[in-house]
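Have a look at the structure below, then the notes.
Please treat every number below as a calculation from the coordinates, not as lab data. Since the model is a prediction, treat every value here as computed from it, not as a measurement. Cβ placement follows ideal geometry from the backbone for every residue including glycine, while neighbour counts extend to all protein chains displayed.
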Amino acid sequence: MSGNLPVQSVTADYAQRVADDLAANRSDQERVRSELARLQDELVRLEEGEQVLTKMQEVLGGTLKQAAKQSKGSKGAAVPAVRGSNSKTAAGKPAAITGRKASKKTVSPKKAGEPTWLELTTAYLGGQSEPRSAAEVAASLTEAHPERTVQVTVVRNTLEQGAAQGLLERSKQGRSVFYSPTSPA
């Protein structure tokens, strides 16, 4: 009988170690789950902050454009050029004189009589009976205007600009954002 005692002792030791390891594994799983939940909450807060900052940037960008238009109409103080302009300096000197390199990208200017993206998106949404996502609007504009290059990001930014200016209503359903024309008051 004394021969069975050490085997039972070893088996009991292993059983205890396995039970301890299992308990440690489960507590680690719970710790990682709580950390994951905290990180997911932090990610949601950061994404919401990004949306707010993006809207503020668009509103401020719209304010700068409106101020530039107003200064062109009146002969007041000159508005300084936007920083980062590669083609000309604020003083109006060509880039070659100041030592700056001209931009390699050439953006084709909007043709005369061609509607802006904001006009196209608001006109499209005005004819719709229910809100549309940016992807749906971009797809419809691609079909309606095959001669123009339609990018979803450009359409999304235009829709956000329209919402910031009060031309469009923005509604959020979960993670999806839908746009519709503002209803007359």
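What to note about this one:
- Residue within the range 130-148 that is in contact with a Gly (Cβ under 6 Å, 6 or more places away or on another chain), crowded, with 16+ Cβ neighbours inside 10 Å and part of a strand (DSSP E or B) present: no
- Residue within the range 139-147 that is of a type outside the set (D, E, K, R) and either closer than 20 Å to Glu58 by Cα or touching a residue at least 60 places away in the same chain (Cβ under 8 Å) (or both) present: no
- Residues in the range 149-185 that are in a strand (DSSP E or B) and basic (Lys, Arg): Arg170, Lys172.
- Hey, Arg175 of a type outside the set (A, V, I, L, M, F, W, C) and in contact (Cβ under 8 Å) with a residue 24 or more places away in the chain or not: no
- Candidate set: the range 154-167, residues that are touching an Asp or Glu at 6+ places or on another chain (Cβ under 9 Å) and hydrophobic (A, V, I, L, M, F, W, C); chosen: the one nearest to Met56 (Cα to Cα): Ala164
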